[in-house]
Every structure is written in C-alpha cells, then in structure tokens.
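Chemist: Handing you a structure now.
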Amino acid sequence: MTTGKTMAFNRIALLIVLALTSCASQRAAISAGELRNHVSWLAADEQEGREAGTDAAARSAVYLRRHLDAAGLIPAGDNGTYFQYFDIAAPSLEGASTLMIGNDLFDVNTLSASPAQTHDAQLVFADADDVEDLIVLAKSDGEIRAEVRDAAANGAVAIVLASDEFVAFDAVPGKLPIAVVLIDIKLYEKLTLDVFNSKVTVRLKADVQKQTKRARNVLALSPGISGEVITVGAHFDHLGWGGEGSLAPGTYAVHNGADDNASGTAVLLELAEMWGANRGGPVVANRGVLFCFWSAEEKGLLGSDYWVENPTIPLPRVLANVNLDMVGRVAESKVTVGSASTGDCFGEPLAVMQAYYAANEIDFKLNIMKGSLPGGGGSDHMSFHKKSIPAIFFFSGLHSDYHKPSDDAHKLAYPQMAVLADGLAEFIASLQVVADGFEYHKPQAAVDEEGEVRHVKRANVWFGSIPDYGAEPLDGGMQLSGTSPGSPAEKAGLQGGDILKQVADVEIFDIYDFMDSLATFNNGDTVGVKFLRNGEMKTTQLTFFPRPAGSAGRPH
C-alpha cells in the first residue's frame, strides 16, 4: 500500500531527477591545474611506477582515499572502508630442485614459470615416437617457451632442458604447462648416452615456491535514489621498474605511467570530487555512481575481475560501466570511444556529450567506433563484458612512450584533458537518468565486404607499429601513431602519421588486413611495405626479426 509519506518522497525524488538535467550549466568546470597536480603526484619517480602490491601502489591508494573522503563520498570497499583487498601473484622463489637417476641425486635449476611438481617417469628424447606421460630430454636452442609447449602438446609430463648458456630463474615470463628442470651440458651428455643405450627412469622435482602479495581497489559511492549504480573506473597501477610488459627491454628504470594510467585516474578523481557531497557537485539522481580505481590491470585486469566476482554492491544493481584508460594524449582534441555498441543506453549520453561541446563552441571530437576496438581494447571494461554488463571505453590512443620510462607527466595535454573531463561529466549525468537501454549487446564480429565474419589471425612476427585507433584514413589503410624503438618498423623508416597501404602482396584497408598479413611471414623475411606519407605514396623494405625479451604489449 502506498502511504502519503511514500508519495511525497516519490514527488521529491522526481523533482531531484528533473533538476539534474539543468545542473550542467551550473557545474564548475574541471581544472587543468588540478589534473596536472594529480598526474604529477601519481607519476612522480617517488611513486616508483605504482606496481600493484607494492608500497608505492599502497601510497597511491591512500592518496586517492584522502581525496575521496574529503569530497564526502561514501566508502564502498570492504567493511565500511574505501579499500577492497585481493591477493595477486608475487615473484616466485626458487627452491631445491633435484633430478634423481638411480641412486644418484643431482641438484638442478628450474624456472619461475614452471609448476611446482614431482614426477617419476621414463626419460626419452624429445623426438621419440611416443612421449605420452614421459619426461622429455632436450638441448635448448633458446626458444624455451616453444620447446616446453611442444613437449606438453605431445603428452610429456615434464622436460629436462640443457643449455650452453646460463638460464636465469626468471628468464621465462608467465606460466608454463609442464614442469621444467635445467641441467648443465656435462650432465646432459651423460644422460644422452644413458637414454641412447638403455631405458632410464628418473625422479624429477621442480621446486618453485609460489608467493602472493596484497593489492587493493579503491571504491567510493555517490548514491542514487533507486539503489542502481553506474560504475565509472580507471586503473591506477602501472609497471613499477619495468620487466614483463615493458617495451624498453633490459631497462631497469621507473615506468611512471603518466598517460597509462595516471591520466584516467586523475580524470576519474576529479569527476568523483565533482559528485562528492562536499564539493557542490550534481544533485542526487535516480541512479548512483560507483567510482572505481582498479589495481593490477597491468597484470591481467585482476582488480576489476576480482570486483565483478566479489562485488561490493550486488551485481544486478550494476547497469553499466564506463572505463577511462590512457586519456592524456588529447592534444589534437579527440578521443576514441570503443564498445559503445554494447548498450543502447550509451547513445543518448554520447549525444548529450557532443551537444555540450557544440553548445559551448568547443572543438572536441568523439571518434565512436562502430564495433569494439580490435582485440577488445584490453582494459578493465572487459571484466564487465564477461558479465554481460554494457561497458564503454574512452581512450586517447597509443604512442611511442607506451609502457616505457618516457611516459612522463609533462607530456600530457592537461587543458584538453579538462575539456574531455567536462564532457564526461555530461555523459555520466545523462547515463544516470537515461530511460532504458541497459540490455547487453555482445560486440559484433568484424565482417568483410561480402558480410562474412572476419577472424583476426595470430601474428607470426613482430612488426613494431603503434596503430592510431582514432584515425580514419579516407581511402583505407592503417595509420600509425608511432613505432617501437629498435623495431623492424623503425629500422625500415616508418614513423607516426604514415598510413600503411600494402605489406608484401597484402593490401591493407584496415587493421584486420594488417594483422592477417603478419600471420604469413617468418623472422628473417624481407618484405616491401607501401605507405602514404603526407599524401605521397612511398615504398620501403622491412626485415622481420624477433621481439626482444620482455617486450610485450599492444603495439603489433
């Protein structure tokens, strides 16, 4: 039964929601100076690259909490705090790995990527007709991951590898499918003779002591009337001192991550403060906004993935996600919008955002992609996609400083970041009141001219290009925003602004054609590359060679 008190509350709620539509003009603009201050603090050398699980990342989380608390937002983490803790893998420790042959016990080494396992089995050569459930003996040619993968694919339970050179415990990143021990050449030569002459059974023990460390998301709520929320997120972690994920292989230096992603963190923090009770922000709307500062994105979207599996607000109340990752290189006053097609709810707010720019005569372009970014635009919105929650991604593009120590605070375009942030305020406020459209639409697969689904082939070689996802060459092609230092593309003379038109015999109309072409070459191949530079067609020769160890990431 509806009481008079309830009816009065509903009338008040309706008036509040209607008031929101007129509060945009009254909202104070976001300051470029404050954005600069946030980025400068987060991306200072003292924060040591904000690697998840470190003291530096904890300091950054405390910095965010202080600002959120001062703004009057409600803690939305664990047990009434702003923090949600979770465990992530820490560097493993090498234990006492052994190889027992008969009564002889040998101390051997292993790899951090190896599972910690013990196996009793026959030792056979890698090229034996049957290695199922056996242990493989091989001499490495330096391609350890491929050698282990091949042995596992053939059914081996473990592999004994020898090498002419010392192989460090952490030489292979990630995880390997079967146990690995490393032996010296003398033992390898002995085992070769033994295996050749007779049946040899061994006990292999790969002793890898897995470690964990604690990371934390930072979560703050601006509540609405209905209990439903829009999540707006950005990851605040980066690569620390380099290593896995760095595009400056062999360089031990602070990776400050100003654009990736102190930029998104700073914009999100300013938006959160605008929504806070103590800053005179927008009035309470029908839907609330949960401001999410994710950790461990660089380690595989771990923070956002943990939250969707362990939500601090019931997941059925979460209607949509907005993700900000790398929004600082906006000097050309444009930003790429990916995954907008995953929810009809985003259409009206994007129109409101564009209308805001038009009404204020601001030249700022939203490049709204029809599908998702190639590869999904691997960032935290993907955690929401897997839960069938509409999620949209704002991204200013890759550049030559991506995942390098040179991604520093002075290179960001703060006035344009402020313009973007003001537009995002309009977008979020509109999303809080949009009528409907929150059904999830799975991103459509790319199709060719005949309407057939296009499957992106796995690149077989490293090209070294950094695509400009926001560019739309008039007559097709893939425009570059830069090249990776020391890469085949750089050595071939390619540079930012070039539009790739053909690689060998493959004509390039878009990034899918480009990725398909890379599946057809091998290291050592030399190919002709045609490209447009300042409207003039040019040709260069490019020779493929392996990507340096530790050089992984989005550039192709």
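Chemist: Which of V506, G486, T520 sits farthest toward the positive end of the charge dipole of segment 465-543, with +1 on the Cβ of Lys and Arg and -1 on the Cβ of Asp and Glu?
Modeler: Towards the positive end, the residue furthest out is G486.
Chemist: Nearest 0.05, what FRET efficiency do K538 and L105 give at R0 = 41 Å with Cβ-Cβ as r?
Modeler: Efficiency for this residue pair is about 0.05.
Chemist: Turning to a different aspect of this structure: How much length would be gained if the chain were fully extended between D525 and N154, taking 0.36 nm per residue of separation minus their Cα-Cα distance, in nm to one decimal?
Modeler: Contour length minus Cα-Cα distance gives 130.7 nm.
Chemist: With +1 on each Lys and Arg Cβ and -1 on each Asp and Glu Cβ, how big is the dipole of segment 465-543 about its Cα centre, in debye rounded to the nearest 20?
Modeler: 320
Chemist: Okay, next question. Towards the positive end of the charge dipole of the chain, with charges on Cβ (+1 Lys, Arg; -1 Asp, Glu), say which of A320, V433, A158 has the farthest Cα.
Modeler: V433
Chemist: Could you give the length gained on full extension between R59 and F509, defined as 0.36 nm per residue of separation minus the Cα-Cα distance, in nm?
Modeler: Gain on extension, R59 to F509, equals 157.4 nm.
Chemist: Treat each spin label as a single point 7 Å out from the Cα along the C-beta direction, and report the T212 to F196 distance in nm.
Modeler: 4.8
Chemist: Another question, then. Could you work out how far apart the two model spin labels at D69 and E143 are, taking each label as a point 7 Å from the Cα in the direction of the beta carbon, and quote it in nm?
Modeler: With each label placed 7 Å out from Cα toward Cβ, I get 5.5 nm.
Chemist: Still on this structure: In whole percent, what relative contact order does the chain give with Cα contacts below 8 Å and a gap of six or more residues?
Modeler: About 15 percent, as a whole number.
Chemist: Size of segment 337-434 along its principal axes in angstrom, Cα-based, largest extent first?
Modeler: Cα extents, longest axis first: 41, 37, 20 Å.
Chemist: Let me ask something additional. Work out which trypsin sites (Lys or Arg not before Pro) in the chain are exposed loop sites (DSSP not H, G, I, E or B, at most 13 other Cβ within 10 Å) and give the longest gap free of them.
Modeler: Between exposed loop sites, the widest span is 1-174.
Chemist: Hey, got the dipole for the chain? About the Cα centre, +1 on K and R Cβ, -1 on D and E Cβ, debye to the nearest 20?
Modeler: For this selection, approximately 1660 debye.
Chemist: If you average 1/r over every pair of different alpha-carbon atoms in the chain and take one over that average, what Kirkwood value in Å do you get?
Modeler: Over the chain, the inverse of the mean reciprocal pair distance is 25.9 Å.
Chemist: Where does helix 185-197 land angle-wise versus the long Cα axis of the chain, in degrees 0 to 90, nearest 10?
Modeler: In the chain, helix 185-197 runs at an angle near 60 degrees to the longest axis.
Chemist: Continuing with this model, one more query. Straight-line reach only, C-alpha to C-alpha below 23 angstrom: list the lysines that K501 could link to, leaving out same-chain residues fewer than 8 apart.
Modeler: Partners within reach: K370, K457, K491, K530, K538.
Chemist: Specify the angular offset, from 0 to 90 degrees and rounded to the nearest 10, of the alpha carbon long axis of helix 144-153 from the longest principal axis of the alpha carbons in the chain.
Modeler: Taking Cα atoms only, the helix is inclined about 80 degrees.
Chemist: Rounded to the nearest 0.05, what FRET efficiency is calculated for A359 and A331 with R0 set to 22 Å and r the Cβ-Cβ distance?
Modeler: So, using R0 = 22 Å, E works out to roughly 0.40.
Chemist: Relative contact order for segment 158-236 using alpha-carbon pairs under 8 Å, separation at least 6, rounded to a whole percent?
Modeler: Value for segment 158-236: 26 percent.
Chemist: Once Lys and Arg get +1 and Asp and Glu get -1 on their Cβ, which of I178, S112, A96 lies farthest toward the positive end of the dipole of segment 96-206?
Modeler: Of the options given, the answer is A96.
Chemist: So, one more: Can you give me the angle between helix 264-275 and the longest principal axis of the chain, using Cα atoms only, in degrees from 0 to 90, rounded to the nearest 10?
Modeler: Taking the Cα atoms of the chain, the angle to 264-275 is about 30 degrees.
Chemist: One quarter of the convex hull surface, Cα atoms only: what value does that give for segment 465-543 in nm²?
Modeler: 4.7
Chemist: Going by how many other beta carbons lie within 10 Å of each one, how would you line up S97, S31, S400, fewest first?
Modeler: S31, S400, S97
Chemist: Viscosity 0.692 mPa s, temperature 37 °C: what is the translational diffusion coefficient of segment 96-206 from Stokes-Einstein with a Kirkwood Rh over Cα pairs, rounded to a whole number of µm²/s?
Modeler: 242
Chemist: At 222 nm, what helix-only mean residue ellipticity would the chain give, in deg cm²/dmol to the nearest 500, using -39500 (n - 2.57) for each DSSP H run of four or more?
Modeler: Rounded to the nearest 500, the figure is -7500 deg cm²/dmol.
Chemist: Could you grab the relative contact order for segment 465-543? Cα pairs under 8 Å, six or more apart, rounded to a whole percent.
Modeler: Relative contact order here is 26 percent.
Bear in mind that the values in this text are calculations on the coordinates, not laboratory data. What you are looking at is a predicted structure, and each value in this text was computed from that prediction instead of being measured. Glycine gets a Cβ as well: all are built from the backbone with ideal geometry, and neighbour counts include every protein chain shown.
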